[in-house]
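Asks: Mind looking over this structure? Questions follow.
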There are 2 protein chains.
Amino acid sequence: MAKDMTLLWGSGSPPCWRVQIALEEKNLQGYNQKLLSFEKGEHKSKEVLEINPRGQLPAFKHKNIIVNESCGACFYLENQFKSQGNQLIPEGAAEVGLMYQRIFEGQILGQKIADVVRYTKKVPEAERHDSAVKRNREALKQEIQTWDGYLKGSDGYLSGKSFSLADVIVYPVVAFFFRLGANESHYPNLAAYYNKLKVRPSIKKTWPQYWLEAPGQEQLKDL
Amino acid sequence: MAKDMTLLWGSGSPPCWRVQIALEEKNLQGYNQKLLSFEKGEHKSKEVLEINPRGQLPAFKHKNIIVNESCGACFYLENQFKSQGNQLIPEGAAEVGLMYQRIFEGQILGQKIADVVRYTKKVPEAERHDSAVKRNREALKQEIQTWDGYLKGSDGYLSGKSFSLADVIVYPVVAFFFRLGANESHYPNLAAYYNKLKVRPSIKKTWPQYWLEAPGQEQLKDL
C-alpha cells in the first residue's frame, strides 16, 4: 500500500492520467488521492499550491519528495520501483532509444494539440486570427499523420514489443486526441493502437470518469 | 572511441549542445560529427533528413539506433553507458526526484525563451501584436525568477550536490538566456550557476564556437 504517496488530480487531464497509469503499472495502489475540479478553480487552491507552486495538476508527493511534472513523476516511479510491477524501461538498446525518442516527441504532439484546443483560452480575443487557427490545425494534422506512420507495422507499442514509459506518457495524449472527435478512419494505425490499449488494466481502471460522463467533443471532427 | 556514433549539429543550438555535453560526460569522444549551418539551411539537407525526417538538428545515431530528440539522446547515452564516464543519474531518491522535476520544467523554460526570441520567426507579420510580445516577455521574466529561486541556497547543481542529467539538459538553455543579453545582476543565483559551470570540462570544451565569434545579442537586455 502506497500510503506515503499523495496525488492531487483532475479528471480528463492527460498529465494527471499518465501518473495514475504509472502508479497502476508499478502496482502502487492505495495512495492518498483527491480529485479536484478545474472548472471550480481548485487547481489554484492552497492545498495544491503547497505541493505545486505553479498551481497546476497533477501535484504529486512521495514522502517529502515532490515531483509535479507528470513525465518526471512517471520516470521517478520507474526509477524508485524498478523491480515492482511492470518494468517500464525495456532491456534492448533499440527499444530504449525508440522509447526516449517517442517520449520527447510526445511533447511536440501534446503542444500541437494544445495550440489548437486551447487557442481561445491562451490567446486574447483581440489577438486571434483565422489564419493562425488554420495553420495550427494543419500542423496538428501533419503531426498526427507522422504518429500514424510510426504505428504502421509496429510491434503494438510505441517503442516496440513491450509496453513502456513511452506508452504511459503518450497514450493519454492520443486518447485525448480521439476524445476531441478526430475521425479514427483517417488515422487507422493510431486508432488501432488507441483501441488496443483501452482494455489494458492500468488504463481501463484509470480512464477519466469525466470522459465517460460528459459527451465527446467535436473540435477535431473535421481533422 | 565512439566510432559507431554520428552527430550532425549546429553551433549555438541548445539542443545540439546538450548532446555534445552528454557525450563528453560519458567519455564518448571520437564520434563522427559534422557541423552544419542553419543559415545556409543545411538542417534541411538530404544528409540530415536521412537521420532526422523532421529536418532538425541534432540528428544523432548510434549504430542503427536513431535518437534525434536531444533530451532523449542524453537519457539514452546515460542508459547505455551507465558505468562509463560520469554517472548522470544520482543515487538518492530526493536528488532523483528533483532531477526529473527540473528536466521537464526545463521544457517550460525553453518554450518561454522561444516564445520571446523566435516570435518574429514563428508568427507571420500580419498576426503580430505588441501585447503578445509584452505578455511573452513578462511570462519569461517570471519563469526566470522562478529558476533563480531554485538556485538560491542550492548545493550548486540543479538537482543537488552532483552534476546530473538536469544540468546536461537545462544548462545550455540557461547559457542561451544570458547570451541574449539578460542582466546577470537581476538573476544573481542563476548567474552564479551559469558562471560556475562555464569551466566544467564537458561544457568548456563544447562551448558554441559561434557564440565566441559572433557578438552577443541584446534581445533580453532589459529583462
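The values are calculated or read from the model by the stated rules, or taken from the named source; none is laboratory data. The shown structure was predicted, so the numbers you read here are calculated from the model rather than taken from an experiment. Here the Cβ is made from the backbone with ideal geometry for all residues, glycine too, and neighbour counts use every protein chain on show.
Asks: If a residue has to be under 25 Å from B:Gly72 (Cβ atoms) and either within 12 Å of chain B (Cβ to nearest Cβ) or exposed (fewer than 15 other Cβ atoms within 10 Å of the Cβ) (or both) to count, how many in the range A:119-146 make the cut?
Replies: 6
Asks: Has the range B:54-68 got any residue that is under 30 Å from A:Asn64 (Cα atoms), surrounded by fewer than 23 Cβ atoms within 10 Å (Cβ to Cβ) and modelled with pLDDT of 95 or more?
Replies: no
Asks: Pairs needed: first member in the range B:194-214, modelled with pLDDT under 95; second member anywhere, part of a helix (DSSP H, G or I); C-beta distance under 7 Å; at least 6 residues apart or different chains.
Replies: Within 7 Å, the pairs are B:Trp211/B:Arg179.
Asks: For B:Val168, indicate whether it is out of contact with any strand residue (DSSP E or B) (no Cβ under 8 Å at 6 or more places or on another chain), modelled with pLDDT of 95 or more, crowded, with 21+ Cβ neighbours inside 10 Å and more than 21 Å from B:Phe38 (Cβ to Cβ). Lay out the reasoning, then the answer.
Replies: Values: out of contact with any strand residue (DSSP E or B) (no Cβ under 8 Å at 6 or more places or on another chain): yes; modelled with pLDDT of 95 or more: yes; crowded, with 21+ Cβ neighbours inside 10 Å: yes; more than 21 Å from B:Phe38 (Cβ to Cβ): yes.
Yes.
Asks: Continuing with the same structure: Answer with yes or no whether B:Gly149 is closer than 16 Å to A:Pro53 by Cβ, within 10 Å of chain A (Cβ to nearest Cβ) and free of Cβ contacts under 8 Å to residues at least 40 places away in the same chain.
Replies: Criteria not met by B:Gly149.
Asks: If B:Gln145 meets every condition in (1) over 19 Å from the mean Cα position of the chain (by Cα); (2) at pLDDT 95 or above apart from one, which number is that one?
Replies: If we test B:Gln145 against (1) over 19 Å from the mean Cα position of the chain (by Cα); (2) at pLDDT 95 or above, just (1) comes out false.
Asks: Residues that are in contact with a Pro (Cβ under 9 Å, 6 or more places away or on another chain), of a type in the set (A, V, I, L, M) and touching a residue at least 12 places away in the same chain (Cβ under 8 Å): list the strands (runs of 3 or more DSSP E) wholly contained in the range B:1-71 that include at least 1 such residues.
Replies: B:5-10
Asks: Anything in the range A:25-47 that is in contact with a helix residue (DSSP H, G or I) (Cβ under 7 Å, 6 or more places away or on another chain) and under 17 Å from A:Trp211 (Cβ atoms)? List them, or say none.
Replies: Listed by number, the list holds a single entry, A:Leu36.
Asks: Then there is this: Could you identify the single residue in A:Ile108, A:Ile113, A:Ile103 that is more than 12 Å from chain B (Cβ to nearest Cβ) and under 18 Å from the mean Cα position of the chain (by Cα)?
Replies: A:Ile113
Asks: Only one of (1) touching an Asp or Glu at 6+ places or on another chain (Cβ under 8 Å); (2) part of a helix (DSSP H, G or I); (3) under 22 Å from A:Ala114 (Cβ atoms); (4) not basic (Lys, Arg) is not met by A:Gly181, so which one is it?
Replies: Among (1) touching an Asp or Glu at 6+ places or on another chain (Cβ under 8 Å); (2) part of a helix (DSSP H, G or I); (3) under 22 Å from A:Ala114 (Cβ atoms); (4) not basic (Lys, Arg), the lone unmet condition for A:Gly181 is (2).
Asks: Let me ask something else about it. Yes or no: the range B:83-90 includes at least one residue that is within 16 Å of the chain's Cα centre (by Cα) and under 24 Å from B:Gly12 (Cα atoms).
Replies: The answer is yes, given that some residue of the range B:83-90 is within 16 Å of the chain's Cα centre (by Cα) and under 24 Å from B:Gly12 (Cα atoms).
Asks: Conditions: (1) touching a residue at least 40 places away in the same chain (Cβ under 8 Å); (2) assigned to a loop (DSSP other than H, G, I, E, B). B:Lys82 meets all but one. Number of the miss?
Replies: Against the list (1) touching a residue at least 40 places away in the same chain (Cβ under 8 Å); (2) assigned to a loop (DSSP other than H, G, I, E, B), B:Lys82 comes up short only on (1).
Asks: Here is a follow-up. Only one of A:Leu49, A:Leu57, A:Leu77 is within 21 Å of A:Asp167 (Cβ to Cβ) and of a type in the set (A, V, I, L, M). Can you tell me which?
Replies: Within the list A:Leu49, A:Leu57, A:Leu77, the selection yields A:Leu77.
Asks: Oh, and also: Just one of A:Tyr76, A:Tyr31 is of a type in the set (Ser, Thr, Tyr) and more than 10 Å from chain B (Cβ to nearest Cβ); which is it?
Replies: On the way: A:Tyr76 fails: more than 10 Å from chain B (Cβ to nearest Cβ).
From the options A:Tyr76, A:Tyr31, the qualifying one is A:Tyr31.
For (1) of a type outside the set (D, E, K, R); (2) under 24 Å from A:Pro201 (Cβ atoms), each residue gets a yes or a no:
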site	(1), (2)
A:Gln87	yes, yes
A:Glu105	no, no
A:Ile108	yes, no
A:Lys121	no, no
A:Ala126	yes, no
A:Lys141	no, no
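Asks: Answer with yes or no whether B:Ala175 is more than 17 Å from the chain's Cα centre (by Cα), in a helix (DSSP H, G or I) and not β-branched (Val, Ile, Thr).
Replies: no
Asks: Take the range B:89-124 and flag every residue that is in contact with a Phe, Trp or Tyr (Cβ under 6 Å, 6 or more places away or on another chain) and not in a helix (DSSP H, G or I).
Replies: Result: no residue meets the conditions.
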